[in-house]
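Written below as structure tokens is the structure these notes are about.
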Amino acid sequence: MQRAHAWKQAGALVLWYYAGNERNYPGWHLTADAEGGHSMIALLDALTHDSAPATRTLQITPPTAAHLGVPNNRAGVAWRTPGKLRLTFSNDPHTWGLAMEQDLAVLAFGTEGMAAIRDGLLDVLQGRGDYSITIPGGTGTPLWFWWWPRTAAGR
């Protein structure tokens, strides 16, 4: 069995986008508690080890007021969150896309995106964030990383 298929999710992964104020906060926003961040990094490492196209689906925890307060998007009172996130790893290193399909967010990425996502999660685990990524060249939907708020459970 490949490592990515044996992986089991742990912890909380919070993902949302703002339905308004796209000028200041375009794209998706991600944070994770310590267990969730380490769990997603383990999945990315398993995908790297397997080095084959693969898809895995993760459960998403809706953001709380504490999570939404981290970006301090005062105009962002309208937000949406999916119930699940499907990660789709591609052999094409330049693949990058993040879209919503009903109650499912789909993040397609290659090795360049994987490295950037992994680095972003490591920053979240260190209490850092407030930046977004796309693949080199700045194309595609941005994915923002935010630190886990001290007032939220899980830290």
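Summary table
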| item | result |
| --- | --- |
| Filter result (open to solvent by 60 Å² or more (accessible area, probe 1.4 Å), among the hydroxyl-bearing types (Ser, Thr, Tyr) and either modelled with pLDDT under 90 or within 13 Å of the chain's Cα centre (by Cα) (or both)) within the stretch 99-155 | 131, 139, 151 |
| Flag if residue 43 is outside any strand (DSSP E or B) and either open to solvent by 10 Å² or more (accessible area, probe 1.4 Å) or of a type outside the set (Val, Ile, Thr) (or both) | yes |
| Within the stretch 1-50, tally of residues that are at pLDDT below 90 and either touching a His at 6+ places or on another chain (Cβ under 6 Å) or of a type in the set (Lys, Arg) (or both) | 1 |
| The stretch 1-38, subset closer than 20 Å to residue 54 by Cβ and among the basic types (Lys, Arg), residue surrounded by the fewest Cβ atoms within 10 Å (Cβ to Cβ) | 8 |
| Meets criteria (loosely packed, with under 15 Cβ neighbours inside 10 Å and at pLDDT below 90) for residue 80 | no |
| In the stretch 53-96, residue farthest from residue 116 (Cα to Cα) [restricted to those that are of a type in the set (Gly, Ala, Ser) and touching a Phe, Trp or Tyr at 6+ places or on another chain (Cβ under 8 Å)] | 78 |
| Residue match in the stretch 14-24 (condition: at negative phi, among the hydroxyl-bearing types (Ser, Thr, Tyr) and not in a helix (DSSP H, G or I)) | yes |
| Residue ID - modelled with the highest pLDDT, chosen from residues in the stretch 51-72 that are open to solvent by less than 30 Å² (accessible area, probe 1.4 Å) and assigned to a loop (DSSP other than H, G, I, E, B) | 60 |
| Failed condition for residue 50, given (1) touching a strand residue (DSSP E or B) at 6+ places or on another chain (Cβ under 6 Å); (2) farther than 13 Å from residue 118 by Cβ | (1) |
| The stretch 71-106, residues that are within 19 Å of residue 3 (Cβ to Cβ), without any contact (Cβ under 8 Å) to a residue 40 or more places away in the chain and touching a Leu at 6+ places or on another chain (Cβ under 8 Å) | 86, 88 |
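The values are calculated or read from the model by the stated rules, or taken from the named source; none is laboratory data. What you see is a predicted model, and the numbers here were worked out from it, not measured in a lab. Please note: Cβ atoms are built from the backbone with ideal geometry, for glycine as well, and neighbour counts cover all protein chains shown. The protein model used for the area step is the full one, side chains on, heavy atoms only, and it has no ligands, DNA or RNA in it. Shrake-Rupley method; radii C 1.70, N 1.55, O 1.52, S 1.80 Å.
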